[in-house]
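Take a look at the structure below.
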Amino acid sequence: MRLATLRTGRRDGQLMLVNAARQQMVPAAAAPTLQAALDDWASLAPRLAAEQAALDAGKAVGVVAYDPSRLASPLPRAYQWADGSAYVNHVELVRKARGAEMPASFWTDPLMYQGGSDTFLAPTEEIVAGSADWGVDFEAEVAVVTDDVPMGVSVAEAGRFIRLVMIVNDVSLRNLIPGELNKGFGFFQAKPSSSFAPLALTPDELGDAWDGSRLNLPLCSHLNGALFGRPNAGVDMTFGFPELIAHAARTRRLVAGTIVGSGTVSNKQGTLHGSRVTDGGVGYSCIAEVRMLETLADGKPATPFMQHADHVRIEMTDARGISLFGAIDQTVRILG
């Protein structure tokens, strides 16, 4: 199924079904919102699938044009947003750039933080920051949405609780991060609202690209119209989603609608001058990563963080060229 949320006067919007061509959508009859569908997935998913089949067959009533500008995040808010850092290459680069050794445990025990989930940005909504000095950065990631997950679930069992797959821009304010981490209490101000692409897909929509643990396709990021990165989300992902879910549920149960993120998609490459897209590499899913490599190569970063009116576009296409989730398409607005 291809699920979206129409922006309405209500906080959680209206659940919509989208056709395979991404040209039409129709309000779902089985559930008013995506959270309502997730709350009773076992009984409502078959009804939603039947509605999806009718739409795809041209038999649905109340069809309207698919318009991403009218859509919210598939879940405009969520009970839980737990973001991992499954691409340990990314973590290693961060630490190298500041001369810190990486603990060996990072290769066996996932990093994860609890992000704010009371508001998510719509896929075409502006990224608003109070100052360019905050260091506005995008982070292109993959995420899954779970059903209810029992506490202590095993890695072997965790994958069966995945209901939906999405892509996300986990916006970061890089220059606020060091001060917060130095307090020893984690992120808060440095992690404003994240944004998700318009469509949440059931795993069957991804075909062979989804192996039950990883999504094996390039995730493309464009900055101001130029391709910035296309790393493959299935490559160099040290911890798959079942491992991340089991980690999150070690000491608590997770409720239906919990979003678990992969962290910044990052492929291990060579030196700075072999990893940029312009040099034949796969590039990067955030600005911080190229700045890290610039620091290692030249002693200081050269690529600036996002400025007022800068534009980022994040999407994933399949072998047929179909934009699977639709695009995250955002412009930065600096207030000060």
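Every number here is computed from the coordinates shown, using simple stated rules; none is lab data. Remember, predicted model here, so these are calculated numbers, not experimental data. Backbone-built Cβ (ideal geometry, glycine too); neighbour counts: all protein chains shown.
What share of all Cα pairs of segment 39-181, in percent, falls into each consecutive 5 Å distance bin?
Over segment 39-181, the share of Cα pairs per 5 Å bin runs 2, 6, 11, 17, 17, 15, 12, 9, 5, 4, 2, 0, 0 percent.
How high is the relative contact order of the chain, in percent, with contacts defined as C-alpha pairs under 8 Å that are six or more residues apart?
Worked out over the chain, it gives 22 percent.
Give a residue-ordered list of calculated ³J(HN,Hα) values for segment 169-185 (Karplus: 6.51 cos²θ - 1.76 cosθ + 1.60, θ = phi - 60°; whole Hz; x for Gly, Pro).
9, 8, 4, 10, 9, 4, 6, 8, 5, x, x, 5, 5, 5, 6, x, 10
Skipping prolines and chain starts, which residues have an amide H placed within reach, meaning under 5 Å, of the one on I127, given they are 5 or more residues away or on another chain?
Amide H to amide H, under 5 Å and 5 or more residues apart or across chains, I127 pairs with T331, V332, R333.
Pairs of alpha-carbon atoms within less than 8 angstrom and 6+ residues apart define the contacts here; what relative contact order does segment 174-301 have, in percent?
Relative contact order, segment 174-301: 18 percent.
What ranking, highest mean first, results for peptides 35-44, 310-319, 180-189, 53-62 when packing means the other Cβ atoms within 10 Å averaged over each residue?
Order by mean packing, descending: 310-319, 35-44, 53-62, 180-189.
Please give the residues of segment 99-121, grouped as numeric ranges, whose backbone N is less than 12 Å from a label point set 7 Å along the Cα-to-Cβ vector of K268.
Backbone N within reach: 107.
Please work out whether segment 132-273 counts as rounded, prolate or oblate from its C-alpha gyration tensor, where a ≥ b ≥ c are the square roots of the eigenvalues and a/c under 1.5 means rounded, while otherwise a/b larger than b/c means prolate and anything else oblate?
oblate
What does the extension gain come out to for D56 and E157, with contour length at 0.36 nm per residue minus their alpha carbon separation?
Full extension of this stretch gives 33.1 nm more.
When ranked by the protection proxy of mean other Cβ atoms within 10 Å per residue, highest first, what sequence do the peptides 101-109, 18-26, 227-235 form?
Highest to lowest by the protection proxy: 227-235, 18-26, 101-109.
Helix by helix through the chain, keep the DSSP H runs that span 15 Å or more along the axis on Cα and average at least 0.0 on Kyte-Doolittle, and give those back in order.
In the chain, the long hydrophobic H runs are 41-56, 287-298.
Rank by packing, highest mean first: peptides 113-119, 299-305, 88-94, 163-169, with packing defined as the count of other Cβ atoms within 10 Å averaged across residues.
163-169, 88-94, 113-119, 299-305
Using a Förster distance of 51 Å, how high is the FRET efficiency between A36 and E101, based on the Cβ-Cβ distance and rounded to 0.05?
E between A36 and E101, to the nearest 0.05, is 0.60.
Consider all pairwise Cα distances in segment 90-157 and report the whole-number % of them above 14 Å.
80
Please compute the contact order of segment 135-177 in relative form: average sequence separation of alpha-carbon pairs under 8 Å and at least six residues apart, divided by the residue count, as a percent.
61
Would you mind pulling out the separation of the Cα centroids of segment 259-293 and segment 44-75, in Å?
So the separation of the two Cα centres works out to 35 Å.
Short version: ³J(HN,Hα) in whole Hz for each residue of segment 119-126, in order, from phi by Karplus 6.51 cos²θ - 1.76 cosθ + 1.60 (θ = phi - 60°), x for Gly and Pro, what are they?
Taking θ as phi minus 60°, the curve returns 9, 10, 6, 5, x, 10, 7, 5 Hz for segment 119-126.
Quick one: which residues, 5+ away or cross-chain, put their amide H under 5 Å from the amide H of G281? H built at 1.01 Å from N.
R276
Based on the alpha-carbon gyration tensor of segment 199-321 and its eigenvalue square roots a ≥ b ≥ c, which shape applies: rounded if a/c is under 1.5, prolate if not and a/b is larger than b/c, or oblate?
Here segment 199-321 falls in the prolate category.
Work out how much length I322 to A309 would gain on full extension: take 0.36 nm times their residue separation and subtract the Cα-Cα distance, in nm to one decimal.
Between I322 and A309, full extension yields 1.9 nm more.
Please give the net charge around A209, taking every other residue with its beta carbon less than 13 angstrom from that of A209, where Lys and Arg add +1 and Asp and Glu add -1.
-3
Need one number: convex hull volume per residue for the chain, Cα atoms only, in Å³.
About 133 Å³ per residue, rounded to a whole number.
I need the phi-derived Karplus couplings for segment 315-328: 6.51 cos²θ - 1.76 cosθ + 1.60, θ = phi - 60°, integer Hz, Gly and Pro marked x.
7, 9, 10, 8, 5, 8, x, 7, 6, 4, 9, x, 10, 7
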